[in-house]
Amino acid sequence: MDVSLCPAKCSFWRIFLLGSVWLDYVGSVLACPANCVCSKTEINCRRPDDGNLFPLLEGQDSGNSNGNASINITDISRNITSIHIENWRGLHTLNAVDMELYTGLQKLTIKNSGLRSIQPRAFAKNPHLRYINLSSNRLTTLSWQLFQTLSLRELRLEQNFFNCSCDIRWMQLWQEQGEARLNSQNLYCVGADGSQLPLFRMNISQCDLPEISVSHVNLTVREGDNAVITCNGSGSPLPDVDWIVTGLQSINTHQTNLNWTNVHAINLTLVNVTSEDNGFTLTCIAENVVGMSNASVALTVHYPPRVVSLEEPELRLEHCIEFVVRGNPPPTLHWLHNGQPLRESKIIHVEYYQEGEVSEGCLLFNKPTHYNNGNYTLIAKNPLGTANQTINGHFLKEPFPESTDNFVSIYESPTPPITVTHKPEEDTFGVSIAVGLAAFACVLLVVLFIMINKYGRRSKFGMKGPVAVISGEEDSASPLHHINHGITTPSSLDAGPDTVVIGMTRIPVIENPQYFRQGHNCHKPDTWVFSNIDNHGILNLKDNRDHLVPSTHYIYEEPEVQSGEVSYPRSHGFREIMLNPISLPGHSKPLNHGIYVEDVNVYFSKGRHGF
């Protein structure tokens with residue numbers, strides 16, 4: 001770009017802006033009334049003028065002007081913020097039409113002129129008006145209703161000839177209260193005798209602000225019901241009473257009752273009250289020339305809950321099912337997932353805020369999975385009823401859907417989908433093999449444990465039957481073995497695996513754990529030893545030694561088997577057996593402490609046992 005062109009362009013824009021400002025100025029000047037000086041925002045008419053009309057911009061009321069000119073004049077009028085009129089003796093009345101186009105007006109001065117009256121609602125189209133100066137005119141009365149819609153900061157009313165009457169009682173009250181800075185002004189009124197009286201000394205009887213009362217301060221109704229509210233206004237002069245119902249949705253009627261001479265009552269009837277009016281403020285006003293009084297009634301409408309909206313899940317910071325519920329009294333909220341109560345957790349929780357009758361919030365999901373898919377039902381309940389609404393929430397697809405396809409699409413979008421491959425059959429087969437091997441190992445361990453527990457405790461005596469006999473094995477380390485020659489006796493049936501049967505007597509046998517240990521000492525204090533045993537010995541029972549036997553443990557030497565007979569060599573190998581208390585032939589007294597055996601020679605021949 002050529003840099004040399006920049007100055008030309010900059011100059012063009014400068015000329016354009018200056019031209020715009022100049023045209024606005026020229027337009028204001030061309031539209032400015034006679035004897036006035038105008039700018040874009042002000043109209044100053046300080047030169048004396050005998051005209052009786054309010055100064056208007058040229059073309060404002062001209063019927064011959066075209067549409068473009070009218071629009072231009074309207075726009076210029078909106079920009080005017082200040083009007084100053086002075087020494088206009090012919091200006092007697094200020095009309096509402098004179099002020100309606102100056103919607104942006106903030107300051108109005110009409111002083112030292114012939115102004116005598118101002119029409120009601122003259123300032124209704126000037127909401128931004130803050131300063132009004134009406135001093136040094138010929139005003140005799142003035143209504144407070146002119147300034148009812150304004151927020152005045154200052155109102156100048158000096159050097160006017162107000163009549164001392166109830167009509168200016170409001171000025172006296174404003175002066176007392178310091179409204180619009182009237183307390184800083186010297187205001188006078190002219191009495192019936194023509195004398196001037198300071199305004200604050202004016203005394204007018206039966207001229208006060210109206211009093212007002214209502215039948216309800218708070219009115220509570222149910223939706224669809226009817227209600228009647230009464231407002232009473234009293235005072236002197238008698239006030240006008242009315243209800244302000246602008247914006248009320250329910251059907252309403254007004255009925256005036258004049259029961260007394262100084263009370264004005266009016267009934268407001270509400271028909272088929274709607275929930276839209278919940279929280280509406282009904283205002284009753286009472287007005288007279290002195291001023292206005294008002295009273296308010298808060299309307300509360302109870303109605304059952306309504307689910308205004310329930311949106312599908314939307315991903316924000318978390319997945320959100322947004323909802324809006326209305327109801328008065330405010331309803332309690334519950335959620336169902338597929339028809340079952342939904343419990344809040346770290347994954348699912350509800351956040352909402354309540355403002356009046358409206359509850360608005362979200363059912364939040366923190367990283368939901370396909371297990372969270374399903375129907376979600378919002379239930380709102382209050383004493384007047386219940387409302388519910390259901391929405392389907394879908395967050396993720398199932399990782400292994402029930403289908404024959406081996407490929408599952410995770411995302412559905414115009415772009416190529418991301419897929420994953422899985423083989424559920426092979427995974428199931430591998431798991432089955434692992435479970436089978438584990439079960440087989442457990443069964444094998446149990447069987448080994450049972451076999452060891454059952455067969456690993458066999459006695460060193462080698463007993464294999466109910467009857468103890470001599471074993472044919474020469475290398476046996478046990479002197480007694482079980483044998484059955486086909487003869488069954490009662491004692492043999494009762495014999496246990498660790499017993500020895502001698503004659504008709506069953507003797508239990510207990511192994512000595514120190515039998516195979518070298519250097520063991522068999523002479524324990526509670527043990528007796530068969531020391532005198534030879535091939536021709538006999539078994540002697542000596543009762544006189546019963547008291548010496550401390551226990552029922554006895555030790556036998558290891559026997560040797562030769563030619564079907566048992567011999568007991570004098571060796572140092574011993575076994576320990578226990579003898580239960582028994583009764584022997586020739587002994588009437590049972591041996592409770594055991595027996596002591598010196599010499600034993602036992603013959604086993606053809607199933608007979610001899611001693």
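Observations on the structure shown:
- Extension reserve of the Asn186-His128 stretch, reckoned as 0.36 nm per residue once the Cα distance is removed: 18.2 nm
- Length released on extending from His216 to Asn52, taking residue separation times 0.36 nm less the Cα-Cα span: 53.9 nm
- Measuring between alpha carbons in the structure, the pairs from Lys40/Lys125; Lys40/Lys107; Lys346/Lys397 lying more than 18 angstrom apart are Lys40/Lys125; Lys346/Lys397.
- By accessible area, using a 1.4 Å probe on protein heavy atoms only, region 202-297 has 45% of its surface on carbon and sulfur.
- Cα→Cβ-extended label distance, 7 Å offset, between Tyr352 and Phe161, nm: 7.2 nm
- Amide H partners (placed H, <5 Å) of Val228, local residues excluded: Leu270
- Note on Thr300 and Gln119: their simple-model spin labels are 4.7 nm apart, each label 7 Å out from Cα toward Cβ.
- Note on Val308 and Lys454: the model spin-label points, each 7 Å out from Cα along the C-beta direction, lie 8.0 nm apart.
- Counted residue by residue at 0.36 nm each, then reduced by the alpha carbon distance between them, the extension gain from Asn203 to Asp240 reaches 11.0 nm.
The values are calculated or read from the model by the stated rules, or taken from the named source; none is laboratory data. Not measured: the values here are computed from a predicted model. Virtual Cβ from ideal backbone geometry, glycine too; neighbours counted across all protein chains shown. Areas reflect the complete protein model, heavy atoms only, side chains present, ligands, DNA and RNA absent. Shrake-Rupley method; radii C 1.70, N 1.55, O 1.52, S 1.80 Å.
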